[in-house]
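Since the structure comes first, as structure tokens, the remarks are kept for the end.
The values are calculated or read from the model by the stated rules, or taken from the named source; none is laboratory data. Please read all numbers here as calculations on a predicted model, not as lab measurements. Cβ placement follows ideal geometry from the backbone for every residue including glycine, while neighbour counts extend to all protein chains displayed. The protein model used for the area step is the full one, side chains on, heavy atoms only, and it has no ligands, DNA or RNA in it. Shrake-Rupley method; radii C 1.70, N 1.55, O 1.52, S 1.80 Å.
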Amino acid sequence: DKGVIVLKGVIISGNIGGMGGGIFCTRTLVDLEICGILNNSTSRFGGGILADGNSILRFNFVLFGANSADNDGGAIYIEQDDGNNPDVLMTNVTSAFNSAGERGGGFYICEGADVALVNSILWADEPQEIYVPRTGALNKLTVANSMIEGGIDGIDPNYNLEIDWFNE
């Protein structure tokens, strides 16, 4: 069974955690609309959000800003759990000024995740906008009408990734 988190018009800010500074979810449907995930931090992974298992993430008009992780995934850390792959749809999302001490200032995506970015902006996240590890199951990233700082170079070159990039 999956848990469900539905938030509309909420700001999650100023939280500190070991993993998932703002939100930690596993095997959960997370539906965020018109929300801010701001100034959260973690000593490990997922400054804004850590999602694992077969979580389903649906974000519409969500701002990720100034979140930080000492390790990976400043804004979002997405990982597989027990062979279950997360499914992520981000529409009208902005990720800016998030940071990670090691990889994926914006997003860290691993282990067979299926991620779609639609009408979204990833900008000024450090050390890169998106990081995908070289090992593990193939990940899929669909980018439609979105801006990623540096374009394809904003995605770390170690990726294990199939990319569909559509801009009209």
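Of the set (1) over 12 Å from the mean Cα position of the chain (by Cα); (2) crowded, with 16+ Cβ neighbours inside 10 Å, all apply to Leu117 but (1). Scanning region 65-85 for residues that are at pLDDT below 95 and surrounded by fewer than 18 Cβ atoms within 10 Å (Cβ to Cβ) gives Asp81, Asp82, Gly83, Asn84.
Every residue, every condition in (1) in contact with a helix residue (DSSP H, G or I) (Cβ under 9 Å, 6 or more places away or on another chain); (2) closer than 25 Å to Gly21 by Cα; (3) small (Gly, Ala, Ser); (4) crowded, with 17+ Cβ neighbours inside 10 Å, yes or no:
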residue: Ser95; (1), (2), (3), (4): no, yes, yes, yes
residue: Tyr108; (1), (2), (3), (4): no, yes, no, yes
residue: Pro133; (1), (2), (3), (4): no, yes, no, yes
residue: Leu138; (1), (2), (3), (4): no, no, no, no
residue: Ile155; (1), (2), (3), (4): no, yes, no, yes
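Note on region 52-128: enclosed strands (runs of 3 or more DSSP E) holding 1 or more residues that are of a type in the set (Gly, Ala, Ser) are 56-65, 94-96, 114-118.
Please specify each residue of region 45-59 satisfying the condition of being within 18 Å of Glu111 (Cα to Cα) and charged (D, E, K, R). Step through it out loud before you land on a result.
From region 45-59, those within 18 Å of Glu111 (Cα to Cα) are 45-46, 49-57; that's our starting set.
Listed by number, the list holds a single entry, Asp52.
In this entry, Arg27 passes the filter for residues that are open to solvent by 50 Å² or more (accessible area, probe 1.4 Å) and at pLDDT below 95. Per the conditions (1) buried (at least 18 other Cβ atoms within 10 Å of the Cβ); (2) at pLDDT below 95; (3) not small (Gly, Ala, Ser), the sole criterion not satisfied by Asp125 is (2).
Which numbered condition trips up Val62, out of (1) within 19 Å of Glu111 (Cβ to Cβ); (2) buried (at least 20 other Cβ atoms within 10 Å of the Cβ); (3) not acidic (Asp, Glu)? All conditions pass for Val62, except number (1).
Taking region 129-148 only, how many residues are assigned to a strand (DSSP E or B), farther than 12 Å from Ala75 by Cβ and not basic (Lys, Arg)? Walk me through how you get there before you give the answer.
Applying the first criterion (assigned to a strand (DSSP E or B)) to region 129-148 yields 130-131, 139-144, 147-148.
Next, only the ones that are farther than 12 Å from Ala75 by Cβ stay: 139-144, 147-148.
Keeping just the survivors that are not basic (Lys, Arg) gives 139, 141-144, 147-148.
So the answer is 7.
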